[in-house]
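Q: Input: one structure, supplied below.
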Amino acid sequence: MKTIISILTFVILSSFDASPCHAWRVSGNVTDEAGIPLSGVVVAEKGTTNGTVTDVNGAFELQVSAETSVLVFTYLGMEQQE
């Protein structure tokens, strides 16, 4: 049975920090609708090969190239979400 990723809640912390090399740090937690952390969610910067995977607590941290970068969330068996 295919479940859609839209049941996830994405909490993106306000952590866009400009650095000298013009990169921004984004961090957050991915949970399901019950608030249970999801580990193994792929979080990637759209249009690049830049990405990471959530840890056992559903947490991630990623350096992105622009403040307006779009994050793509992919989880096995669920529909991709931007």
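Q: In the neighborhood of VAL41, defined by Cβ-to-Cβ distances under 12 Å, what is the net charge if each Lys or Arg adds +1 and each Asp or Glu adds -1?
A: Taking every other residue near VAL41 into account, the sum is -2.
Q: Apply the Karplus parameterisation 6.51 cos²θ - 1.76 cosθ + 1.60, with θ equal to phi minus 60°, to every residue of segment 26-38 and state each ³J(HN,Hα) to the nearest whole Hz, in sequence, with x for glycine and proline.
A: Karplus values, whole Hz, x for Gly and Pro: 10, 9, x, 10, 10, 10, 8, 5, 8, x, 7, x, 10.
Q: May I pose another question? First select every other residue whose beta carbon is under 13 angstrom from the beta carbon of PHE73; then total the charges, Lys and Arg +1, Asp and Glu -1.
A: In short, -3.
Rule-based calculations on the coordinates, nothing more; no lab input. Owing to the predicted nature of the structure, the values given are computational and were not obtained by experimental measurement. Note that we place each Cβ from the backbone using ideal geometry, even for glycine, and neighbour counts take in every protein chain shown.
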